[in-house]
Amino acid sequence: MNTLNLLLSLLCVSSICFYCYAIYAARCFIDNQQSINKIYQPLITILKPICGLDTNTYDNLASFCRQDYPYYQIIFSFRDEKDPAIPIVKQIINDFPERDIELIQCDRIIGTNLKISNLANAVTVAKHDILVLADSDIRVGSDYLQRIIQPFQNEEVGVVTCLYRSIPQGWTTLIEAVSQTTEFNAGVLVGNHIEGGIKYAFGATIAIRKQVLTAIGEFEAVADYLADDFQLGNLPFKAGYKVKLSDYIVEHELKETTLADVIKQKIRWARCIRVSRSWGYLGLIFTYGIVFSLILLIITSGSQSAWIMVALTWTMRLIMAWIVGVDFTQDQTTKKYFWMIPLCDLFGFMIWCCGFLGSTVEWRGQKFKLSKDGQLIPIVNQIQVISQTSFFRRLIRMVGIAHLTDTRDF
């Protein structure tokens, strides 16, 4: 067996080990789920930063008003006074008069990440000591609040976060939805079990004590990061607080979009994960056993040993996908489109490779460069400087003194 064959075989075996461990981690997480203490009902403020319309905006936002919880505050925060979602929020306020709901609009900016600026504006009117941050495209059940706050009974817990299952809109988002529950969630469960907890959070839900937010420097501390959710979990962890993964799975409504936009978004997040968690990103190589088994099959011209490796790798991958995606996450999309898993892995592997190439991302129509720690550096400023410099150079030439300037400086 040549070196390449051996390497591919080892990668397949490593992937099989990962799949087996993901099954074990999921089973352990299910068995160790925390019982619900309905007497524990601390006061909560929900912060909902909103920018534009999502799929089923009213239903998503209204689900947070239908909580089986005695008292909590909801703050819907906007930056643009002409945001098309404002009438929907006003309708929600009218439909749920029994809830303590506030709508605020403020265009104050504290950093490159405008979502964080929106949250920083919202928190100024928060009444309670436990804050729940949830993106506007998230939908929850009536037991959501009661379940996610359970870990806070331990005073050492500073942050609670949730996994999610995605609801696709159109065929272009199917791959993302299936990959989310069968690959991403599996990786999180493995990391959670190995390390006895996680060191980051997810934008689907971040419940954080107000004192913890203050300890890390408020929202200003993460205002220039693309992966603000990662930082809102990681900074409290570094400050000595525990980050807990809730057993509650929220639903994430995906927007119908083009394949090109899906690819751009996936590459953006791949590069963001690479700079935020470099070793974790490199470790994703062990999740692509299907890809490596196919390559092994091709380069060995379909040898018997390669076929055995394909059978073992694919079997364990599919078993893991069913247990994590269907059994644990209760994802009906994965159940219906289970046959897409090999295609999802091939697509995911290509995105993973692209994540290593470059450190620029495009977000909300603007290009940024990611620093080594994940901060967003606007590239537009550099373009403007070049443009202005070119203008002055042409101007100098026009007045006949271009010989005084070394054009290499531009």
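What to note about this one:
- Shown here: the range 86-231, whose C-alpha atoms stretch 40, 40, 33 Å along the first, second and third principal axes, sorted largest to smallest.
- Enclosed volume per residue, in Å³, of the convex hull spanned by Cα atoms of the chain: 182
- GLU256-ALA311 pseudo-label distance in nm [points 7 Å out on the Cα-to-Cβ vector]: 4.4
- Summarising the amide proton neighbourhood of ILE167: residues at separation of 5 or more, or on other chains, whose placed amide H is nearer than 5 Å comprise HIS252, GLU253, LEU254.
- Expected-Rg normalisation [2.2 N^0.38 Å, Cα atoms] applied to the range 277-320: 1.31
- At R0 = 60 Å, FRET efficiency that the Cβ-Cβ distance of GLN211 and ILE319 yields, to 0.05: 0.85
- Taking amide H as placed 1.01 Å from N in the peptide plane, LEU226 has its amide H under 5 Å from the amide H of LEU376, each at least 5 places away in sequence or on another chain.
- Charge dipole (the chain, unit charges on Cβ, about Cα centre) - positive-most of ASN154, SER359, ALA201: SER359
- In this simple spin-label approximation, ILE194 and LEU282 carry label points 7 Å from Cα along the Cα→Cβ vector, and these lie 1.3 nm apart.
- Karplus-derived 3J(HN,Hα), 6.51/-1.76/1.60, for each residue of the range 76-83, Hz, glycine and proline x: 9, 10, 10, 9, 9, 5, 9, 4
- Between amide H atoms placed 1.01 Å from N, distances below 5 Å from ILE101 occur with ILE74, all of them 5 or more places distant or on a separate chain.
- Selected from ASP83, ASP107, ASP31 as most flexible by GNM, with the chain as the system and alpha-carbon contacts under 10 Å: ASP31
- Dipole magnitude (debye, nearest 20) for the range 35-121, charges at Cβ of Lys, Arg, Asp, Glu: 200
- Cβ-Cβ FRET estimate between ASN5 and GLU98, R0 fixed at 56 Å, reported to 0.05: 0.25
- Given charges at beta-carbon only (K, R positive; D, E negative), |dipole| of the chain in Debye: 1000
- Cα pair distances in the range 235-277, grouped into 10 Å bins until the bin that holds the longest one, percent each: 20, 28, 39, 13, 1
- In order along the range 154-160, phi translates into HN-Hα couplings of 8, 5, 7, 7, x, 9, 10 Hz, rounded to whole numbers, per the Karplus curve 6.51 cos²θ - 1.76 cosθ + 1.60 with θ = phi - 60° and x for Gly and Pro.
- Taking all Cα pairs closer than 8 Å and separated by 6 or more residues, the relative contact order of the chain comes to 21 percent.
- Residue-averaged [θ]222 nm for the chain, counting only DSSP H segments that reach four residues, each worth -39500 (n - 2.57): -14000 deg cm²/dmol
- Rounded FRET efficiency, nearest 0.05, which uses the C-beta distance separating LYS372 from ASP80 and R0 of 35 Å: 0.60
- Counting beta carbons within 10 Å around each of ILE86, ILE290 and listing the fewest first gives the order ILE86, ILE290.
- What the phi angles of the range 266-282 give under the Karplus curve with 6.51, -1.76 and 1.60, with θ = phi - 60°, is a coupling list of 5, 5, 4, 6, 4, 5, 5, 5, 4, 7, 7, 9, 4, 5, x, 5, 4 Hz, glycine and proline written as x.
- Computed label-point distance, nm, for sites ARG108 and THR124 using a 7 Å Cα→Cβ extension: 0.3
- Gaussian network model of the chain, springs between alpha carbon atoms under 10 Å - residue of LYS48, LYS115, LYS255 with greatest fluctuation: LYS255
Each value in this text was obtained by applying a stated rule to the coordinates, not by laboratory testing. Keep in mind the model is a prediction, meaning the values are calculated, not measured. Neighbour counts run over all protein chains shown; Cβ positions are idealised from the backbone, glycine included.
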